[in-house]
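Working notes, structure below.
The values are calculated or read from the model by the stated rules, or taken from the named source; none is laboratory data. Owing to the predicted nature of the structure, the values given are computational and were not obtained by experimental measurement. Heads up, the Cβs are rebuilt from the backbone with ideal geometry, glycines too, and the neighbour counts pull from every protein chain shown.
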Amino acid sequence: MIRTLLRSLLPALALSAALAAPAAAEDGKPALRARVTVTADVVRIGDLVENAGPVAEVAIFRAPDLGTQGAVSTEQIVEAIWPHHLIGIDTRGLTEVVVTRASRTISAQEIAECVAKALAGQYGFGGARDIAVGFDRVPRPLQVEATANGDLQVIDLAYDARNGRFSVAVSVPGSAEFRRLAPRFSGSAVASVEAVVLQHAVERGALLKASDLALERRPRSEGPFIGEVAAAAGQAAKNALRSGQALRQIDLKKPPLVQRNDSVTIVYQAPGIVLTLRGEAQEAGALGDQISVMNAQSKRVVQGTVSAPGQVTLAAAVTRLVENEPQAAAASAAPASETQ
């Protein structure tokens, strides 16, 4: 009977709202809100209706789940409020009201950091930042009451140092949601180090720039890795490298300053003498590498050291006279002994 009466009254309420909407805001009459956000697990009359008066704190609906929203029809609202004798509600022509349940989101990264902090200083681990945490299933973001502003905490932890496996339950102080059911996760935790990784694939021989590289935490057991961007930038890839690959020193080489068949300047150095000749590199070489070069005039192939782009240096072998003195003395002494 009441529902039938409400349905007959709704068109009249809507019409009066359309005619008197400005007045409703001015004279303090109760009026529906189009969108509301609640923090509790119930929706009260005062959440839905402005100027609800003494019945504002009366709960009439269950709130949506944390971090979600739902819509409740105007008919349902009026029907739920009717027993509480709040009449003359300006519906403002609304057919429904959207209700959002406020929440605080806890990301998978925050969960991992929480686990790392709980393990830090135990089981042979160092600081939390040196622990790499991986989950068997990547956690979906957790939703906790907006009023529960404490830090995420581990309330139960089991760790097996033999295989690096853990099981953990977490909670937030003041959260009724987590008191009912504390989320639990499992996975592995191992010691980690900072590693230089590629942000995109590179071809063999490509020179690496700082913009190609980033730092990420990787399991220490998989290393050793290059730990500083500056140590990899400017070097060349020995082989094709994939995006996201953590770099080791064996993956890189010094960039070649001389390529095979390049025309080069051969610098011949001896005490007091510096000669320059034209030559041709027989192989590629980086700074400090020993390579073969051919004298363009004599066609003789010699070994030299790459000393600059397009330059190979030959150092003359200096014979020290002091090394020959014992031989000379022996040679001069031999005839004297024979005459005796």
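Results, tabulated for the structure shown:
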{"quantity": "Any hit, the range 162-177, residues being farther than 17 Å from V138 by Cα, in contact with a Lys or Arg (Cβ under 7 Å, 6 or more places away or on another chain) and loosely packed, with under 14 Cβ neighbours inside 10 Å", "calculated": "no"}
{"quantity": "Conditions (1) surrounded by 16 or more Cβ atoms within 10 Å (Cβ to Cβ); (2) in contact (Cβ under 8 Å) with a residue 60 or more places away in the chain; number of the one not met by P64", "calculated": "(2)"}
{"quantity": "Elements of type strands (runs of 3 or more DSSP E) contained in the range 152-218, each with 3 or more residues being among the hydrophobic types (A, V, I, L, M, F, W, C) and closer than 30 Å to S103 by Cα", "calculated": "153-160, 165-171"}
{"quantity": "Residue within the range 185-207 that is in contact (Cβ under 8 Å) with a residue 24 or more places away in the chain, closer than 22 Å to Y123 by Cβ and among the charged types (D, E, K, R) present", "calculated": "yes"}
{"quantity": "Enumerated strands (runs of 3 or more DSSP E) restricted to the range 233-297, each holding at least 1 residues that are touching a residue at least 12 places away in the same chain (Cβ under 8 Å) and acidic (D, E)", "calculated": "273-281"}
{"quantity": "From A182, A169, residue being outside the structural domain of A286 (by TED's automatic domain parsing) and at pLDDT 95 or above", "calculated": "A169"}
{"quantity": "Selection count where residues are within 37 Å of the chain's Cα centre (by Cα), among the hydroxyl-bearing types (S, T, Y) and more than 19 Å from R104 (Cβ to Cβ), scope the range 31-73", "calculated": "0"}
{"quantity": "The range 260-297 - residue that is exposed (fewer than 13 other Cβ atoms within 10 Å of the Cβ) and within 25 Å of V202 (Cβ to Cβ) and, of those, modelled with the lowest pLDDT", "calculated": "G288"}
{"quantity": "Residue check, P309 surrounded by 15 or more Cβ atoms within 10 Å (Cβ to Cβ), modelled with pLDDT under 95 and under 46 Å from the mean Cα position of the chain (by Cα)", "calculated": "no"}
{"quantity": "Search result, residues across the range 34-58 that are farther than 10 Å from H84 by Cβ, surrounded by 17 or more Cβ atoms within 10 Å (Cβ to Cβ) and not small (G, A, S)", "calculated": "V36, V38, V43, R44, D47, L48, V49, E50"}
{"quantity": "Filter result for the condition that a residue is at pLDDT 95 or above and hydrophobic (A, V, I, L, M, F, W, C), over A214, A231, A236", "calculated": "A214"}
{"quantity": "Residue match in the range 237-256 (condition: touching an Asp or Glu at 6+ places or on another chain (Cβ under 9 Å) and closer than 22 Å to A308 by Cβ)", "calculated": "yes"}
{"quantity": "Scope the range 241-273; condition under 35 Å from the mean Cα position of the chain (by Cα) and on the phi > 0 side of the Ramachandran plot; matching residues", "calculated": "G244"}
{"quantity": "Any hit, the range 189-199, residues being farther than 17 Å from I106 by Cβ, of a type in the set (D, E) and surrounded by fewer than 20 Cβ atoms within 10 Å (Cβ to Cβ)", "calculated": "yes"}
{"quantity": "Verdict on A176 being of a type in the set (A, V, I, L, M, F, W, C) and under 24 Å from R220 (Cβ atoms)", "calculated": "no"}
